[in-house]
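The values are calculated or read from the model by the stated rules, or taken from the named source; none is laboratory data. Predicted model, so just to flag it, every value in this text is computed and none were measured. All Cβ positions, glycine included, derive from the backbone under ideal geometry; neighbour counts span all protein chains shown. Calculation scope for accessible area: heavy atoms of the full protein, side chains included, ligands and nucleic acids excluded. Shrake-Rupley method; radii C 1.70, N 1.55, O 1.52, S 1.80 Å.
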Amino acid sequence: MTAPTAPRPAAGLSERVAVIDIGSNSIRLVVYDGLKRAPIPIFNEKVLCGLGRGVEKSGRLNADGVAQALVNLQRFRHLAEGMRVGRLDVLATAAVRDAADGAAFVAAVKEKAGLTISVVSGEGEARLSAQGVLSGTPGADGLVGDLGGGSLELVTLDRGVMGPQVTLPLGPLRLMEAGEGRNAIVRTIDQHLESLPWLASAKGRPFHPVGGSWRALAKLHMEQAGHPLHIIHHYTVPGDVAREFAGMVARRDRAALEKMAVGSKRRIDTLPYAALVFERLVKLVQPSQVVFSAFGLREGHLYGLLPPEEQRRDPLLAAGDDWSNRFGRFGDAALLVNWTGGLFAGEDEQALRLRHAACLLSDLGWAEHPDYRAEHAFLRVLRFPFPGIDHAGRVFLALSGYTRYAGSLEGVGHESLRRLLTEAQSLRAVVLGLALRLAHTLSGGATAQLQRTSLRLTEEVLELTLPGDAAELNGDVVQRRLDGLARVLNRKARITVQADPA
């Protein structure tokens, strides 16, 4: 079933855009700050309507859910108008797609809420979910699985290139309404999965779960494992550990789950079914690791609207560049990257990428009270919804930001977070933070001045070279900060003033 989509003007990169996602269990409005490589959600609201409850038996949408959806969709439209959204897209998935009265619901939404719904096909839903994963994890490899209330979409990825895709009627709402026992449900899940011979190509590779029920599973595992960073995106668990945990959740009754922190209490009914699908899929595919994605259908939709050159941008650096433009003063991160490069000989591409991101974020605390700049920089970088970065990378950027303002890691606390890095990575974060501290002190934040200076590391000396006609850039605070960086590097500090050319 499809519905025509009214033509909409293309949103500019700085114009707010919004997506309403109408699923089997929930409807959600997310407003983003622009149509760009790393859009920032500025409003996010979900309503659990349960449109898909009963579709498996009756073939029709849940009547109470329809009434609730119509009321909230009208509200969402008014909110979007009040937020001056330039483009609003409404996407409906399995429940509306499969229900006999889905077309009538689409018409009612048009009449009562003034919204035109695009009903996404099963394969289209799979592609959008995979695009969402790729938008947040460029070059992702392995298998993407998006579990909604009514369906499961699967797509293989070969280093960012999409392969076979399918939609299966294995959403938890469908399974719990089938009225069958656990063994029968397991047989149903296994029969569907085993009918896909191409799943064998994903064996032993990463699995990227998407969807609210599986995010709830990730939150629950974080809580039980004592993971120090409660951020879904790129939360990574070994495949065998994830399977064992999902199997445990699938066997728990409601009373047991209520005693565990699972996020939304309204997901408790469906969580065991979602966990069972997860456990059976992971058993079959045997992934090397499970890498949860906070980016799915909505982000995939926006990603697909971007021109190819924008899609190819690194999302982490795009987000950092956007943040630098918003909150920085008058710096140039490229100059900082070049200026600090001599301290990190032999770094690989990923290390260079993180250093570049740290340079982009190195001036974000300037407007804070001096006593709180380090703490502010640490927490803000740690928790910001950056795409394209794992948890260890977040901690690295946060520690370098803290050191940039504090001059050391004394007082940072959060020892459990620091354990996500090796000692070598922590040292590198400190060195980078001290180098950025020196650079901003030397230039006053106007990093263009760094072009006339250089920082050189030898086996014994850390040397800062200043031009002869700007020797006054030197001073006690510059010397102290150069000394501090040299000590961490186990070098002697030296400032050299170039003679003016004759």
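Overview of values
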quantity	calculated
Set of aspartates and glutamates near Lys203 by C-alpha distance (under 18 Å), chain-local residues within fewer than 8 positions excluded	Asp141, Asp146, Glu153, Asp158, Asp190, Glu194, Asp240, Glu244, Glu279
Zone residues, the stretch 475-491, relative to Glu459, backbone N less than 17 Å from point 7 Å out along Cα-to-Cβ	490-491
Cβ-derived FRET efficiency at R0 30 Å, Ala225 paired with Met162, nearest 0.05	0.45
Length released on extending from Val186 to Asn338, taking residue separation times 0.36 nm less the Cα-Cα span	49.1 nm
Rounded to 10°, Cα long-axis angle of helix 476-488 versus longest principal axis of the chain	60
Average accessible surface area per residue within the chain, 1.4 Å rolling probe, Å²	43
Anisotropy class of the stretch 26-174 from Cα gyration tensor, a/c 1.5 cut	oblate
Carbon and sulfur %, accessible surface of the chain computed with the full protein complex present, 1.4 Å	49
Which label in (i) 24.2; (ii) 26.1; (iii) 32.7 gives the computed mean projected area of the Cα convex hull in nm²	(ii)
The stretch 172-297 shape via C-alpha gyration tensor axes, a/c threshold 1.5	oblate
Two-site label geometry, Ala256 and Val241: point separation in nm, points 7 Å out along Cα→Cβ	2.1
Antiparallel DSSP beta bridges within the stretch 70-164, as percent of all bridges there, nearest 5	75
Neighbour-limited loop hits for trypsin sites (Lys or Arg not before Pro), the stretch 222-311 (at most 14 other Cβ within 10 Å; DSSP other than H, G, I, E, B)	Lys259
Rounded to 5, percent antiparallel among DSSP beta bridges of the chain	60
At R0 = 51 Å, FRET efficiency that the Cβ-Cβ distance of Phe43 and Ala470 yields, to 0.05	0.60
Angle in degrees between helix 63-82 and the longest Cα principal axis of the chain, rounded to the nearest 10	30
Euclidean distance of C-alpha centroids, the stretch 404-480 and the stretch 339-394, integer Å	13
Whole-Hz ³J(HN,Hα) from phi, Karplus 6.51 cos²θ - 1.76 cosθ + 1.60, for the stretch 331-339, glycine and proline x	x, 10, 5, 4, 5, 5, 4, 5, 5
DSSP loop GluC sites (Glu not before Pro) with at most 13 other Cβ within 10 Å excluded, longest remaining stretch of the chain	181-409
Computed label-point distance, nm, for sites Ser121 and Ala448 using a 7 Å Cα→Cβ extension	5.4
Potential lengthening between Arg60 and Asn325 on full extension [0.36 nm per residue; Cα-Cα distance subtracted]	90.4 nm
Entries in Lys219/Lys283; Lys36/Lys110; Lys57/Lys112; Lys112/Lys259 that, when Cα-Cα distance is taken, lie over 31 Å	Lys112/Lys259
Ile495 paired with Glu111, simple spin-label distance in nm, labels 7 Å along Cα-to-beta-carbon	7.8
The chain: calculated mean residue ellipticity at 222 nm from DSSP helix runs of at least 4, using -39500 (n - 2.57)	-14000 deg cm²/dmol
